[in-house]
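The values are calculated or read from the model by the stated rules, or taken from the named source; none is laboratory data. From a predicted model like this one, the values you see are computed outputs, not experimental measurements. For neighbour counting, all protein chains shown are included, and Cβ atoms are generated from backbone atoms with ideal geometry for every residue, glycine included.
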Amino acid sequence: MAVGFWQMVGGGVLVVVLMVLLLGVIYLIGRPLLKLIFGVITNSILGLIAIFAVDFLFNLGIPLRLYTLIPTALFGLAGVGTLIILRLFGIPL
């Protein structure tokens, strides 16, 4: 049985249309997820830079240990701010 030219083209077009629809759905679902991941990574990097800079510039004595770096990496600048406030109120870290 020979397959006609238009049958091959029709099947190819259907595959391309389905692939485009699938990529569109992945884009719509994945775009907010990628924005969230990028935001968390950016916030973590800024927090880590900030804790090193604050400790270097103002010499607050914030120890760079695991229990101070984890909140900084998770919460970013908010974590650094919390550590600074705790240190300024005299709470040992």
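So how many residues does the stretch 38-49 have that are closer than 14 Å to LEU74 by Cβ and either among the aliphatic types (A, V, I, L, M) or surrounded by fewer than 14 Cβ atoms within 10 Å (Cβ to Cβ) (or both)?
The number of residues fulfilling the criteria is 7.
Quick check on the stretch 82-91. Is at least one of its residues basic (Lys, Arg) and surrounded by 14 or more Cβ atoms within 10 Å (Cβ to Cβ)?
So far as the stretch 82-91 goes, yes, one or more of its residues are basic (Lys, Arg) and surrounded by 14 or more Cβ atoms within 10 Å (Cβ to Cβ).
Please verify whether ALA73 is touching a Ser or Thr at 6+ places or on another chain (Cβ under 7 Å) and either outside any helix (DSSP H, G or I) or surrounded by 11 or more Cβ atoms within 10 Å (Cβ to Cβ) (or both), treating the condition exactly as stated.
When the stated conditions are applied, ALA73 passes them.
What is the number of the single condition among (1) farther than 25 Å from ARG87 by Cα; (2) modelled with pLDDT of 90 or more that VAL9 does not meet?
So VAL9 meets the others, but not (2).
Restricting to the stretch 49-67, and then to whatever is touching a helix residue (DSSP H, G or I) at 6+ places or on another chain (Cβ under 6 Å) and modelled with pLDDT of 90 or more, can you tell me which residue is farthest from PRO92 (Cα to Cα)?
Here the residue is ALA50.
Somewhere in the stretch 76-88, is a residue among the polar types (S, T, N, Q) and on the phi > 0 side of the Ramachandran plot? Outline the logic, then answer.
So in the stretch 76-88, the residues among the polar types (S, T, N, Q) come out as 82.
In the following step, the residues that additionally are on the phi > 0 side of the Ramachandran plot were identified as none.
No; the residues of the stretch 76-88 include none that is among the polar types (S, T, N, Q) and on the phi > 0 side of the Ramachandran plot.
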